[in-house]
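The values are calculated or read from the model by the stated rules, or taken from the named source; none is laboratory data. Since the model is a prediction, treat every value here as computed from it, not as a measurement. Every residue, glycine as well, gets a Cβ built from its backbone with ideal geometry; the counts of neighbours run over all protein chains shown. Side chains are part of the model used for accessible areas, which takes the heavy atoms of the whole protein and leaves out ligands, DNA and RNA. Shrake-Rupley method; radii C 1.70, N 1.55, O 1.52, S 1.80 Å.
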Amino acid sequence: MELEELRKKINVTDDRIAELFIERMKLCKDVSEYKIKNDLPVFQKGREEQILQRMKDMFPEELKNSSQVLYQTIMDISKCLQYQDFFSDKNSIESEYVDLNAKCKAAVPGTEGSFSQMACKKLLPNGEITFFNGFEQVFEAVDDKRFDFGVVPIANSTAGSVTATYELLKKYDLKICAGTKLRISHCLAARQDTDPEDIQIVYSHEQALMQCSEFILHHGYKGHNYANTALAAQFVAQSDRPVAAICSRECALNNGLKILADDIANASENYTRFIVISKKTLCTEKADVISVSLSLPHERSALYRLLTKFSVAGLNLTMIESRPLANTDFEAVFYLDFQGSIKDPKVAMLINQLEDELGYFKFLGNYEFITEVQK
């Protein structure tokens with residue numbers, strides 16, 4: 001049989017599959033109407049397993065696993081359509097408008113000259129800044145409503161995610177309402193009277209130490225973690241030992257330190273993303289990034305099936321990463337960013353679906369990613 005003839009037969013087969021798929025989805029919509037009328041849940045595990053086993057038995061050995069993927073996907077699509085009926089009255093997520101240019105009280109980790117301060121000035125230009133020693137103090141200050149907003153780093157293009165921020169987003173019920181990125185340029189700084197030859201130890205935040213790991217290794221230094229880069233500079237300025245800090249030029253100059261080396265990060269294009277956190281769900285008019293966290297069961301294809309839901313909803317995932325869940329046998333929490341607005345019915349329905357289906361799900365915010373300084 002010629003290739004063209006084979007392709008024609010495939011086209012005919014695809015047409016039959018399409019007709020049957022449409023018919024099955026219509027039947028699923030009828031099922032959802034029945035479930036709503038009779039107050040039944042969308043997901044019925046026993047029924048799903050029954051269908052999968054029946055279909056698996058119908059296929060030859062070499063197609064059994066493939067058949068599981070095919071019918072699992074079909075049923076996941078069916079559930080997505082049924083959830084649209086179940087949550088048809090929940091077509092948006094409650095939120096309030098936020099004006100990032102308004103006067104506010106902002107909690108920021110570090111001291112004058114810190115990268116977090118620079119990010120805050122970009123995100124909240126009229127914010128009255130108060131500095132805190134650590135990230136958790138910033139979260140606490142916003143959580144107990146002493147401050148309107150907090151600004152913290154969340155990820156770096158060289159060293160990856162900021163673990164502390166992700167852990168605190170899980171611990172506190174706060175929402176992300178804005179984000180931005182800064183180009184990070186680290187320098188090595190020490191007291192004016194310090195002989196560079198005597199330096200053996202450098203202090204900085206763990207992220208900065210990772211970002212400058214090649215420089216540290218090349219010079220034989222030993223890196224010591226500190227709460228953040230700005231406080232590390234302050235500590236070095238007050239120390240009577242021959243130590244140095246990795247920090248911004250602003251921090252070095254603010255603390256009277258001399259700069260021994262500039263631009264010492266492993267990558268010349270080194271960027272850090274910062275977020276604004278708030279107690280309420282606040283959104284700007286241009287909010288188009290959504291962040292969520294969730295856990296998945298230890299089952300085959302669990303992640304694949306999750307991604308199917310986003311695909312059915314027509315939503316574009318821009319970031320996905322996992323972090324280990326404490327006190328478990330290597331279970332993980334997944335953090336996802338995707339494009340969209342909580343005012344979009346399909347987004348609201350997906351969020352409600354995930355909240356209903358998953359053991360752990362948390363909506364982290366819908367926000368705008370600021371590229372220019374606010375005016």
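Quick notes on this structure:
- Per the Kirkwood formula applied to alpha carbons, the chain shows a radius of gyration over Rh ratio, Rg over Rh, of 1.10.
- Quarter of the Cα convex hull surface for the stretch 32-167, i.e. its orientation-mean projected area (nm²): 14.5 nm²
- Rounded D (µm²/s) - the stretch 239-375, Kirkwood Rh over Cα pairs, Stokes-Einstein at 20 °C, 1.002 mPa s: 116 µm²/s
- Probe 1.4 Å, accessible area per residue of the chain, Å²: 53 Å²
- Within the accessible area of the stretch 161-305 (1.4 Å probe), percent carbon and sulfur: 48 percent
- Cut-off 10 Å between beta-carbons: net charge of the residues surrounding Asn255, Lys and Arg +1, Asp and Glu -1: -1
- Size of the stretch 1-101 from its Cα atoms: along the principal axes, largest to smallest, the extents are 67, 40, 24 Å.
- Normalised contact order of the chain, rounded percent, pairs of Cα under 8 Å and 6 or more residues apart: 21 percent
- To the nearest ten degrees, helix 45-58 and the longest principal axis of the Cα atoms of the chain are 60 degrees apart.
- Net charge contributed by nearby residues that have their C-beta within less than 12 Å of Lys346 (K/R +1, D/E -1): +2
- Lysine pairs in the stretch 245-348 whose alpha-carbon atoms fall under 18 angstrom of each other, counting only those eight or more residues apart or on distinct chains, come to 4.
- Bridging of Lys103 to aspartates and glutamates at a Cα separation below 17 Å is possible for Glu128, Asp148, once same-chain residues fewer than 8 apart are set aside.
- All lysines inside 21 Å of Lys37 as judged from Cα atoms, apart from same-chain residues fewer than 8 positions distant: Lys26, Lys29, Lys45, Lys79, Lys90
- Radius 11 Å from Cβ of Thr158, net charge of other residues (Lys, Arg +1; Asp, Glu -1): -2
- Unpartnered cysteines - no second Cys beta carbon under 4.7 Å - across the chain: Cys28, Cys80, Cys104, Cys120, Cys177, Cys187, Cys212, Cys283
- Descending semi-axes in Å of the stretch 44-106, equivalent ellipsoid built from Cα gyration tensor: 45, 15, 9
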